[in-house]
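S.K.: This structure is in structure tokens; I'll ask about it shortly.
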Amino acid sequence: NMYKTRFIVTPLVALSLVACVSKKNKTTSTAAAEPVINLDTLVVKADSEPKQKIYRTSNARMNDILHTKLEVRFDWNNSWLFGKATIDLKPYFYPVKQLFLNARGMEIYKVQVLKDKVYYDLKYTYEHDSIKIDLDKEYTRNDKYTVFIDYKSKPEEVKTGGSRAISSDKGLYFINPKGEDKNKMPQIWTQGETQSNSVWFPTIDSPNERMTDEIYITVDDKYTTLSNGDLTEQIKNQDGTRTDHWKMDLPHAPYLVMMGIGEYKVVKDKWKGKEVNYYVEKEYEQYAKSIFGNTPEMLEFYSNKLGVQYAWSKYSQIVARDYVSGAMENTSATLHGDFLYQTDREILDGSRGEDVISHELFHQWFGDLVTCESWSNLPLNESFATYGEYLWEEYKYGLDAADAHSYNSRIGYFAEANQKQADLIRFDVVDREDMFDGHSYNKGGQVLHMLRKYVGDDAFFASLKLYLERNKFTSVEIHNLRLAFEEVTGEDLNWFFNQWFLSKGHPDIDINYTYDDIHKQIKLTVKQLQDFSKTPLYKLPVYVDVYFNEGKKQREKITITQARQEFIFNAETKPMLVNFDAEKQLLFKKHETKSLDESVYQYKYAPLFLDRLEALNAFKGNLGKPTVYETVKLALKDKWVDHRKLAINLLQEIAAEKESELKPMLVNIAKTDEKSKVRAEAIEFLAKNYKGEDLSALYQQSLKDKSYAVMAASLSALAELDAQAGLAKAKELENENSDRIRYAVMDIYATHGNDSHNAYFVSQKDNFTGFETIGFLNMYAAFLKKCSDETVLSGATLMREYAKNGSNVYVKYYAQKAIKDQLNRFQDKEDELTVKLEAIKKANGDATATQQLLDKAMGTKAKLKDIYNAAQ
């Protein structure tokens, strides 16, 4: 598939070319005059009429909210909020006689205007989730006016939607409001993105709106509250309630307003005199600083790196149960899902939430301080927050950690790109919720990294500083970012932004090189193979490292601009390796063939995470070659933890052949590697490949490891070696407070257990929340396959509750699937017994026992069908 270089013709360019050609024809043609067309009689066929394409504009601004004051109280039993909103506004530019406010699922009691300290009723219409208010007069842009609305929010009656990233748009959530679930703290929290805060207060629910706000939250005195800005006062009321006054003095978008309420413990921290607080349930109070403790250092790092200090008066983080997403960057008050909860021992195996914590904090600059003006421009929020994760990893844990994180993000993009490809900035998106995908997050982060590599660190961060300072407290589109980079660098960067932000797809590149021994030259041939009818012909500045003996190298900088392009480099000797994209900066599909010797050399001498990973992946299936085997053994001591794990995994190929050498080597790794993930991987390798009493001793000893990952691997390994010993040890660990151990115990029971272990699964169901519930459901479903009919029916009944009341659609789906799998299993059993019964009858044998088994199977199947139908 070879293409010559050709122009990329955009619709505007095409239109201008047509216009030029038409004009030229009219002035130079000697042909007969064109016929006159009578427009009055022209008939256009219906199927040829042009149709307006989707174009998601930024919302027009007719009125501008200056300040919102809210007074809220709650009916926990009915999941209602009673609110009073006082909204200060002005016309944006043109005179106005009406005000439109978003207000979803409310009862509106009163709408008034404030004039001379007196409230006057206004006429209004409330329909289609919008309040249309007739103002008392026409207001100009020089006027300000105040509207008061008395209302009730009923979130449980709102027709809800959602997306893959945010599974519900109900806006206001009452969690266990009546306290019926003794394992879950009653709480209230909000989720505003994209257009959901208008469920609980009337507003112009648009990302290009800006306002200050204050909230008076009245709750029972036992509750702690959180909102944006500062807690300015707390008033104890005579009825046993308390009113907290939160005030946000700097403008931000309405979707970033938040509330969090519950019996939280507040663990206090500080950064440069500002409060940094962590709101957690009592059980996790002692672990709060282990979970969130890097936050002050992150604030310092980001402020210094960007050259723009954290803008808000405080920074708090709160953890919510049954949250509908991962986390949300509410201004100065981020809300996290409860997956963040970990004990100190669990954190030994790696923080589940550090990337999320850094992501949401970086949003306080990119998304909160400067906000995308429309959801079509969402990458200006999410791509930056994703890249904020990279920057923190790079600073705190080193380049390998950052590049490993980037690699995983890249995989996420390519997985999605196999299903769809879209512009990063999408004005043709059908639903704004569709913007929350692997393009806005994963691809966008990769694009920002390429931009950084192209302009250099100094220019990259100087450009971000200019972008933030110029646009703070405002909304932006992609061109604001481009103009900031152009002003700093002095270079027209339309080419970069057009191909990466405003076009879909990615390069598909074939790389090949030859060495001319006579002329002492390397010829590097690069071909772009992507479909140019859908994807741009890219301009790709990139580095090529040419390696010679003992790691010596020369670096060449090239810029690819053609579909097929050759580059010539001088070289006195044949290179050991030509390393294309030496900085590993490009987001592209690479087609390249290297010899095993080149891959061995690359692992040893090319320095980056991805260099070594590419080499290790090239070794799969080739461990029989001595140089490869020795290199993989070398990789067992790689400085990056996941490369050591991969090296262990690669050795599976020759585990039996090299037992005498590998077994003691892996035992030593299981005992001594500094990373628990590697120790656990070594134990899993040993359990899969080798037997022996010496290993039983290792597993028993490793069960005392502080790491739950090592404990879980050792428990599973012990059960693999001796099922009864594994069952006995699993019984001892049933009360261990770790999901890793719970999964290991459940897996042993699913493999070796019986009906007596059903009680353990039932007792553990409340320990899994959110997406972790899916793992529990799958484990339980596997266990039920080896149980009696009575236990299966009991388990299916439990599954039915998840199918009907699961915390998200995925939990509901897997619960329904688990019941359906059991139903199918009993259908297969019925079919098998039916065939067997017919054969016995045909042979005039005694069919009594088989008939009883069939009757029982059919009865169980019928009950499972009833349970399944009830689960829909």
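The values are calculated or read from the model by the stated rules, or taken from the named source; none is laboratory data. None of these values were measured; they are calculated from a predicted model. Here Cβ is always computed from backbone atoms with ideal geometry, including for glycine, and neighbour counts include all displayed protein chains. Note: areas computed on protein heavy atoms with side chains; ligands, DNA, RNA excluded. Shrake-Rupley method; radii C 1.70, N 1.55, O 1.52, S 1.80 Å.
S.K.: Tally up the residues in the range 83-101 that are closer than 17 Å to D213 by Cα and open to solvent by 40 Å² or more (accessible area, probe 1.4 Å), please.
M.R.: Number satisfying all stated conditions: 3.
S.K.: Give the residue, chosen from D755, D722, D789, that is over 24 Å from D349 (Cβ atoms) and in contact with a Cys (Cβ under 9 Å, 6 or more places away or on another chain).
M.R.: The unique qualifying residue is D755.
S.K.: Same structure again: I want to confirm something. Restricting to the range 715-750 and keeping residues that are under 33 Å from the mean Cα position of the chain (by Cα) and polar (S, T, N, Q), which single residue is most open to solvent (accessible area, probe 1.4 Å)?
M.R.: The extreme case among them is N735.
S.K.: On to the next question. Answer yes or no as to whether E630 is assigned to a helix (DSSP H, G or I), buried (at least 19 other Cβ atoms within 10 Å of the Cβ), of a type in the set (D, E) and free of Cβ contacts under 8 Å to residues at least 24 places away in the same chain.
M.R.: No, not satisfied.
S.K.: Looking at the range 301-319, which of its residues are of a type in the set (A, V, I, L, M) and part of a strand (DSSP E or B)?
M.R.: Scanning the range 301-319 gives I318, V319.
S.K.: Something else now. Residues being surrounded by fewer than 22 Cβ atoms within 10 Å (Cβ to Cβ), free of Cβ contacts under 8 Å to residues at least 60 places away in the same chain and not basic (K, R): count how many of those fall in the range 452-473.
M.R.: Residues meeting the conditions: 7.
S.K.: A further question follows. Looking only at residues that are open to solvent by 20 Å² or more (accessible area, probe 1.4 Å), modelled with pLDDT of 95 or more and among the basic types (K, R) in the range 135-164, which one is nearest to G105 (Cα to Cα)?
M.R.: The selected residue is K154.
S.K.: Also, quick follow-up: Condition (residue is more than 17 Å from D437 (Cβ to Cβ), part of a loop (DSSP other than H, G, I, E, B) and modelled with pLDDT of 95 or more) applied to the range 391-407: is it met by at least one residue?
M.R.: Yes, the range 391-407 contains a residue that is more than 17 Å from D437 (Cβ to Cβ), part of a loop (DSSP other than H, G, I, E, B) and modelled with pLDDT of 95 or more.
S.K.: Mind listing just one residue for me: the one in the range 420-448 that is open to solvent by 10 Å² or more (accessible area, probe 1.4 Å) and assigned to a helix (DSSP H, G or I) and, of those, farthest from S406 (Cα to Cα)?
M.R.: R432
S.K.: So which of L380, L424 ends up being touching a residue at least 24 places away in the same chain (Cβ under 8 Å), more than 25 Å from P607 (Cβ to Cβ) and touching a Cys at 6+ places or on another chain (Cβ under 8 Å)?
M.R.: After ruling out the rest, the residue left standing is L380.
S.K.: Among the residues of the range 111-119, is any assigned to a loop (DSSP other than H, G, I, E, B), more than 29 Å from the chain's Cα centre (by Cα), surrounded by fewer than 18 Cβ atoms within 10 Å (Cβ to Cβ) and of a type in the set (D, E, K, R)?
M.R.: Yes: the range 111-119 contains one or more residues that are assigned to a loop (DSSP other than H, G, I, E, B), more than 29 Å from the chain's Cα centre (by Cα), surrounded by fewer than 18 Cβ atoms within 10 Å (Cβ to Cβ) and of a type in the set (D, E, K, R).
S.K.: Can you list the strands (runs of 3 or more DSSP E) lying wholly within the range 530-599 that have 1 or more residues being within 19 Å of Y515 (Cα to Cα) and either in contact with a His (Cβ under 8 Å, 6 or more places away or on another chain) or polar (S, T, N, Q) (or both)?
M.R.: Here the list reads 553-560, 564-570, 577-580.
S.K.: Still on this structure, I have one more. Quick one: in the range 492-529, of everything that is part of a loop (DSSP other than H, G, I, E, B) and in contact with a Leu (Cβ under 6 Å, 6 or more places away or on another chain), which residue is farthest from Q562 (Cα to Cα)?
M.R.: The qualifying residue farthest from Q562 (Cα to Cα) is F501.
S.K.: Could you list, in sequence order, all residues of the range 474-525 that are exposed (fewer than 14 other Cβ atoms within 10 Å of the Cβ) and either of a type in the set (S, T, Y) or at positive phi (or both)?
M.R.: If the condition is that a residue be exposed (fewer than 14 other Cβ atoms within 10 Å of the Cβ) and either of a type in the set (S, T, Y) or at positive phi (or both), then G490, T514, K520, T525 are the ones that fit.
S.K.: If we scan the range 770-782, do we find a residue that is open to solvent by 60 Å² or more (accessible area, probe 1.4 Å), at negative phi and among the hydroxyl-bearing types (S, T, Y)?
M.R.: So far as the range 770-782 goes, no, none of its residues is open to solvent by 60 Å² or more (accessible area, probe 1.4 Å), at negative phi and among the hydroxyl-bearing types (S, T, Y).
S.K.: Select from the range 77-136 the residues that are among the polar types (S, T, N, Q) and within 25 Å of K247 (Cβ to Cβ) and list them in ascending order.
M.R.: Matches in the range 77-136: T86, N102, Q112.
S.K.: Same structure, new question: Can you tell me which residue within the range 835-862, out of those that are among the hydroxyl-bearing types (S, T, Y) and open to solvent by less than 50 Å² (accessible area, probe 1.4 Å), is farthest from S794 (Cα to Cα)?
M.R.: Top of the filtered list is T850.
S.K.: Separate question: Just one of K236, K314, K270 is open to solvent by 30 Å² or more (accessible area, probe 1.4 Å), under 30 Å from R345 (Cα atoms), among the charged types (D, E, K, R) and out of contact with any Phe, Trp or Tyr (no Cβ under 9 Å at 6 or more places or on another chain); which is it?
M.R.: After applying the criteria, what remains is K270.
S.K.: Does any residue in the range 320-348 that is under 16 Å from N183 (Cα atoms) come within less than 8 Å, Cβ to Cβ, of a residue that is open to solvent by 10 Å² or more (accessible area, probe 1.4 Å) and β-branched (V, I, T) six or more places away or on a different chain, and which pairs are these?
M.R.: Here the result reads A320/I175; R321/I175; R321/T769; D322/I175; D322/T769; D338/T769; Y341/I291, each pair linking the range 320-348 to a residue that is open to solvent by 10 Å² or more (accessible area, probe 1.4 Å) and β-branched (V, I, T).
S.K.: Next question, about the same structure. If I166 meets every condition in (1) within 25 Å of K472 (Cβ to Cβ); (2) in contact (Cβ under 8 Å) with a residue 60 or more places away in the chain apart from one, which number is that one?
M.R.: Evaluating I166 over (1) within 25 Å of K472 (Cβ to Cβ); (2) in contact (Cβ under 8 Å) with a residue 60 or more places away in the chain leaves (1) as the failure.
S.K.: Moving to a separate point now. Check K453 against each of (1) in contact with an Asp or Glu (Cβ under 7 Å, 6 or more places away or on another chain); (2) over 28 Å from F569 (Cα atoms) and name the one condition it does not meet.
M.R.: (2)
S.K.: Would you confirm whether any residue within the range 298-305 is closer than 30 Å to D457 by Cα, surrounded by fewer than 16 Cβ atoms within 10 Å (Cβ to Cβ) and without any contact (Cβ under 8 Å) to a residue 40 or more places away in the chain?
M.R.: The answer is yes, given that some residue of the range 298-305 is closer than 30 Å to D457 by Cα, surrounded by fewer than 16 Cβ atoms within 10 Å (Cβ to Cβ) and without any contact (Cβ under 8 Å) to a residue 40 or more places away in the chain.
S.K.: Filter the range 633-661 for residues that are among the charged types (D, E, K, R) and surrounded by 15 or more Cβ atoms within 10 Å (Cβ to Cβ) and give the result.
M.R.: Residues satisfying the conditions are K633, D638, D642, R644, K645, E653, K658.
S.K.: Let me ask something additional. Hey, E416 hits all of (1) closer than 30 Å to Q52 by Cα; (2) assigned to a helix (DSSP H, G or I); (3) of a type in the set (D, E); (4) open to solvent by 30 Å² or more (accessible area, probe 1.4 Å) but one; which does it fall short on?
M.R.: (4)
S.K.: A follow-up question, please. List the residue pairs whose Cβ atoms are under 8 Å apart, where the first residue sits in the range 402-416 and is free of Cβ contacts under 8 Å to residues at least 24 places away in the same chain, the second is open to solvent by 20 Å² or more (accessible area, probe 1.4 Å) and in a helix (DSSP H, G or I), and the two are 6 or more positions apart or on different chains.
M.R.: Pairs found: A402/E393; A402/E394.
S.K.: Ok, one more. Does T194 satisfy being closer than 23 Å to Q234 by Cα and of a type in the set (S, T, Y)?
M.R.: The answer is no for T194.
S.K.: Return the pair list, or none, for Cβ contacts closer than 8 Å from residues in the range 507-529 that are in contact (Cβ under 8 Å) with a residue 60 or more places away in the chain and farther than 22 Å from M450 by Cα to residues that are open to solvent by 20 Å² or more (accessible area, probe 1.4 Å) and part of a loop (DSSP other than H, G, I, E, B), at least 6 apart or on different chains.
M.R.: N512/T593; Y515/K574
S.K.: Looking at the range 61-82 only, could you name the residues that are open to solvent by less than 20 Å² (accessible area, probe 1.4 Å), over 33 Å from the mean Cα position of the chain (by Cα) and under 25 Å from M185 (Cβ atoms)?
M.R.: none
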